[in-house]
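The values are calculated or read from the model by the stated rules, or taken from the named source; none is laboratory data. Bear in mind that the values here come from a model prediction, so they are computed numbers and not experimental data. Neighbour counts are summed over all protein chains in view; Cβ atoms, including those assigned to glycine, are modelled from backbone coordinates with ideal geometry. Side chains included, ligands, DNA and RNA excluded: accessible areas come from the protein's heavy atoms. Shrake-Rupley method; radii C 1.70, N 1.55, O 1.52, S 1.80 Å.
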Amino acid sequence: GSRCIERDGEWQRAAGAGGEATEDRAGCFQVACSSPGVAGEQTLEVTIAGSTRTCPPHGFVEAAEFSPDYVSGRLGPCPQPEAVCPFLQPCQNDCSGRGVCFQGQC
């Protein structure tokens with residue numbers, strides 16, 4: 001599903017890539033959660049421009065890590081996986097914007 005995540009700084013594209021800035025303080029991005037590891041910890045994965053990166057809890061990901069077209073800006077602070085992952089269970093049409101998906105139910 002997709003979720004809103006904060007952006008930090010102005011997301012600026014290189015001149016050859018449109019040179020436009022994104023002024024929004026948050027955006028909706030494709031997210032997924034990894035399977036729990038040995039310690040039972042999940043990670044939040046965010047996909048932008050076809051590139052997937054781990055969004056560390058309370059941390060940041062440089063926009064350029066998603067695409068070399070970005071010359072400034074970063075994603076974050078990233079939410080805790082525990083605050084997002086339980087609501088990413090498969091629900092038809094991601095609940096169509098009417099509530100949240102929790103354990104497969106809207």
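Residues in the stretch 36-83 that are of a type in the set (A, V, I, L, M) and farther than 19 Å from GLY1 by Cβ: 5 in all. Does ASP8 meet the test of being modelled with pLDDT under 80 and either surrounded by 12 or more Cβ atoms within 10 Å (Cβ to Cβ) or in a loop (DSSP other than H, G, I, E, B) (or both)? So ASP8 fails the test. The set of residues in the stretch 51-64 that are open to solvent by less than 70 Å² (accessible area, probe 1.4 Å) and hydrophobic (A, V, I, L, M, F, W, C) comprises CYS55, VAL61, ALA63, ALA64. Taking the listed residues SER96, SER67, SER72, the one that is assigned to a strand (DSSP E or B) and open to solvent by less than 80 Å² (accessible area, probe 1.4 Å) is SER72, with no other qualifying. When the residues of the stretch 35-50 are narrowed to those that are exposed (fewer than 15 other Cβ atoms within 10 Å of the Cβ) and at pLDDT 85 or above, which ends up nearest to LEU88 (Cα to Cα)? Of everything passing the filter in the stretch 35-50, THR47 is nearest to LEU88 (Cα to Cα).
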